[in-house]
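The values are calculated or read from the model by the stated rules, or taken from the named source; none is laboratory data. Values in this document were obtained by computation on a predicted structure and should not be read as measured data. Using ideal geometry, Cβ is built from the backbone for each residue, glycine included, and neighbour counts are taken over all protein chains shown. Side chains included, ligands, DNA and RNA excluded: accessible areas come from the protein's heavy atoms. Shrake-Rupley method; radii C 1.70, N 1.55, O 1.52, S 1.80 Å.
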Amino acid sequence: MKLPAFISHAIESNGDFCKITLTKRQLQILIGVVSTLLVLSLALGIWGALRQAELIQLRQQTQLQTEQLKLLQQKTQMLDKKIQTLDALDQEIRQMVKGAESGQPSQGGGESEKPQAALSDISDVNLTPSQMSAKLSKIDKQAQKRLASFYTLRNILKDGASADIAAVQSINFATRSGMMANSTTPSIWPSKGVITSNYGYRTDPVYGSSAFHEGIDIADDYATQIVATAAGTVTFAGPTSGGYGNLVEIDHGNGFVTKYGHNSVVLVTEGMHVNQGQAVALMGSTGKSTGSHVHYEVDINGTAVDPMVFLPISND
């Protein structure tokens, strides 16, 4: 870079040393130039920092909105699964009722009414993600109540109790009044955590082969509290020789049984009555397990079903 003329003229070279002689006026000009450059550099630095902060904030907001939309998508998928289950139950129950009325055994087929409009009215484009999430949670509670009622009613009909009008009326009353049809129906999360494996076919995490997973895996910290998802009687509590490890099994009546596997500590004993939300075990990694989690399973009349249809869409 070429120096200003008044500076280059003021430089005297003496071997390895240089001497600069400036007048007071020249020194003032030099100080002014340097000060101006420093102020400009500082201003540019501040502007750049503010700009960088704005970009970071914008990225964070975008990431938050993306996470909210992803969560809404997951909630919608869970709700869709519940509504599909409701439709299937509705169809099955109608055939049972028709069979009971005609004296013929129940068979497949038949027509099903559409779910209530309240269950499918979730497409309001003017709602914010948080408002949409709240609306989905409200709709999910309605679906939970109908689901519990339908399962209980189906079990009553399947057990040959369709002539028990009082029992059927109590189920209908519970549905209309917004109450749970049966407090012993699984309807809460067994623990906090993240779902790491869903119900259905998957790659076995230990052996690597394809296998059917009869529940869901919820992972969290070691010794996280595990609670009963419905009231019932403990039918098994302790170690198993199979993949469940330390297992708790609860019979809720009406054909419902829930299982909680891989526990580090079992807090209940066989024959004990437990309430919904009561701690029954602490999370662990016993049995066939690769890390701390609970295997949660819901059986209906001896057959494992997808637990997700019984869980609220928010694990709060």
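For the list (1) assigned to a loop (DSSP other than H, G, I, E, B); (2) open to solvent by 30 Å² or more (accessible area, probe 1.4 Å); (3) without any contact (Cβ under 8 Å) to a residue 40 or more places away in the chain, I need the number of the one condition that Val268 fails.
Status for Val268: all satisfied but (2).
Where in segment 189-240 are there strands (runs of 3 or more DSSP E), lying fully within it, with 2 or more residues that are small (Gly, Ala, Ser) and touching a strand residue (DSSP E or B) at 6+ places or on another chain (Cβ under 9 Å)? It would help to see each step written out before you state the result.
Details: elements: 194-197, 200-203, 210-213, 216-219, 225-227, 232-239.
The qualifying strands (runs of 3 or more DSSP E) are 210-213, 232-239.
Taking segment 168-214 on its own, how many of its residues are aliphatic (A, V, I, L, M), open to solvent by less than 60 Å² (accessible area, probe 1.4 Å) and at pLDDT 85 or above? Show your work before the answer.
Initially, segment 168-214 is screened for residues aliphatic (A, V, I, L, M), giving 168, 171, 174, 179-181, 188, 194-195, 206, 211.
Filter once more, keeping what is open to solvent by less than 60 Å² (accessible area, probe 1.4 Å): 168, 171, 174, 181, 188, 195, 211.
Retained after the next criterion (residues that are at pLDDT 85 or above): 188, 195, 211.
Residues that pass the stated criteria total 3.
Would you confirm whether any residue within segment 226-236 is in contact with a His (Cβ under 6 Å, 6 or more places away or on another chain) and surrounded by fewer than 18 Cβ atoms within 10 Å (Cβ to Cβ)?
If we filter segment 226-236 for residues that are in contact with a His (Cβ under 6 Å, 6 or more places away or on another chain), which is where we start, we get 230, 232-233.
Add one more test, that the residue is surrounded by fewer than 18 Cβ atoms within 10 Å (Cβ to Cβ), and what stays is 233.
Yes, that holds for at least one residue.
Kindly list, by first and then second residue, each pair from a residue in segment 76-90 that is part of a helix (DSSP H, G or I) to a residue that is open to solvent by 40 Å² or more (accessible area, probe 1.4 Å) and of a type in the set (S, T, N, Q), limited to pairs with Cβ atoms under 6 Å and residues at least 6 apart or on different chains.
Asp87/Ser112; Asp90/Ser112
List pairs: first residue in segment 286-312 and of a type in the set (Lys, Arg) and open to solvent by 20 Å² or more (accessible area, probe 1.4 Å), second residue at pLDDT 85 or above and not in a strand (DSSP E or B) anywhere in the structure, Cβ distance under 7 angstrom, at least six positions apart or on different chains.
Sorted first by the residue in segment 286-312, then by its partner, the pairs are Lys288/Gly243.
What number of residues in segment 78-94 are under 19 Å from Ser187 (Cβ atoms) and either touching a His at 6+ places or on another chain (Cβ under 6 Å) or of a type in the set (S, T, N, Q) (or both)?
Number of matching residues: 2.
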